[in-house]
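Here is the structure we will look at, set down as structure tokens.
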Amino acid sequence: MPADVSAQPDAPALSVAASAPSTAASASEASAATPSARPPARQLLLEAAARLFYAQGVGATGIDTITAAAGVAKKSLYNNFASKADLVAAYLEARHEEWLDLYRARVAIAATPSEQVLAVFDAYLDHANFAYEHGFRGCGLLNAAAELPVGHPGRLAVRQHKEEVEHLLATHVAAYQADRPAPAASPDASERTAGLARHLSFLLEGAMARAGLEGDDSQLRDAKRIAQQMLAGL
């Protein structure tokens, strides 16, 4: 692994190509089926809640607003979720999985241990650059947790997500250090790994908070560059 990772450029944005039907007949069938196809009510409700909770906040978004945005009857919500709290829990879980998908895509194309560390930062950048209807407002999980009372299950879910991010960083930092010369194999290596992972986690979360206030990804890009310099200095 090269010792100097600070010159590494920001990773390019990921893209997903749509696959075309293999025959004219299948294209015709797909076209004919599309107008009548409608996602399940649960999916519509979750998608509407995700947009509204992120843009307006959990507390400011009522059930009627969610069902109207989803285009479903109010009864459909209670057929799929026991309560608004249940819907909030599903939203937090879905957003967590959404970020994990971005992370998995990034780490899959990371060629070196240092790039695997930075893949965590790239996944935050990818999330920040989603086409949010009313603009980027920072971490949707932390925004939601800030509205929930102490002891609420949603706050625990957000805490577990952030702990998982720190664990991922620690795993990749350990692999990076193992790929380095002998000093990284010293008796205190595991302690140093944990300390660096926590430092990177704080750097990342602080940058995300500032990025949300400023409405763009510049703070996250700065955080990634600082992380590169920290890795190069090990």
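The values are calculated or read from the model by the stated rules, or taken from the named source; none is laboratory data. Keep in mind it's a predicted model, so treat the numbers as computed, not measured. As a convention, Cβ positions derive from the backbone with ideal geometry for all residues, glycine included, and neighbour counts pool all protein chains shown.
Brief remarks follow.
- Test result for R155, basic (K, R), assigned by TED's automatic domain parsing to the domain that holds L200 and surrounded by 16 or more Cβ atoms within 10 Å (Cβ to Cβ): yes
- Only listed residue being under 16 Å from A55 (Cα atoms), at pLDDT below 95 and in the same structural domain as R198 (by TED's automatic domain parsing), chosen from Y91, Y132, Y176: Y132
- Number of the exception - E164 against (1) of a type outside the set (S, T, Y); (2) surrounded by fewer than 20 Cβ atoms within 10 Å (Cβ to Cβ); (3) more than 15 Å from L204 (Cα to Cα): (3)
- Scanning the stretch 13-50 for residues that are of a type in the set (S, T, N, Q) and part of a helix (DSSP H, G or I), we see that the one that is modelled with the highest pLDDT is Q43.
- Residue count for the stretch 51-66, restricted to those that are outside any loop (DSSP other than H, G, I, E, B), surrounded by fewer than 21 Cβ atoms within 10 Å (Cβ to Cβ) and not acidic (D, E): 5.
- Long-range neighbours under 8 Å by Cβ, at least six apart or interchain, first residue among the β-branched types (V, I, T) within the stretch 55-82, second surrounded by fewer than 14 Cβ atoms within 10 Å (Cβ to Cβ): I63/K74; T67/A73; T67/K74
- Restricting attention to the stretch 202-216, the residues that are acidic (D, E) and over 14 Å from V165 (Cα atoms) add up to 2.
- Selected residue (criterion: farthest from the chain's Cα centre (by Cα)) from residues of the stretch 99-134 that are exposed (fewer than 14 other Cβ atoms within 10 Å of the Cβ) and assigned to a helix (DSSP H, G or I): A108
- Residue list for the stretch 183-211, filter: modelled with pLDDT of 90 or more and surrounded by fewer than 20 Cβ atoms within 10 Å (Cβ to Cβ): G195, R198, H199, S201, F202, L203, E205, G206, A209, R210
- Residues that are farther than 16 Å from L220 by Cβ and either free of Cβ contacts under 8 Å to residues at least 12 places away in the same chain or of a type in the set (G, A, S) (or both), drawn from the stretch 117-158: A131, A144, A145, A146, P149, V150, G151, H152, G154, R155, L156, A157
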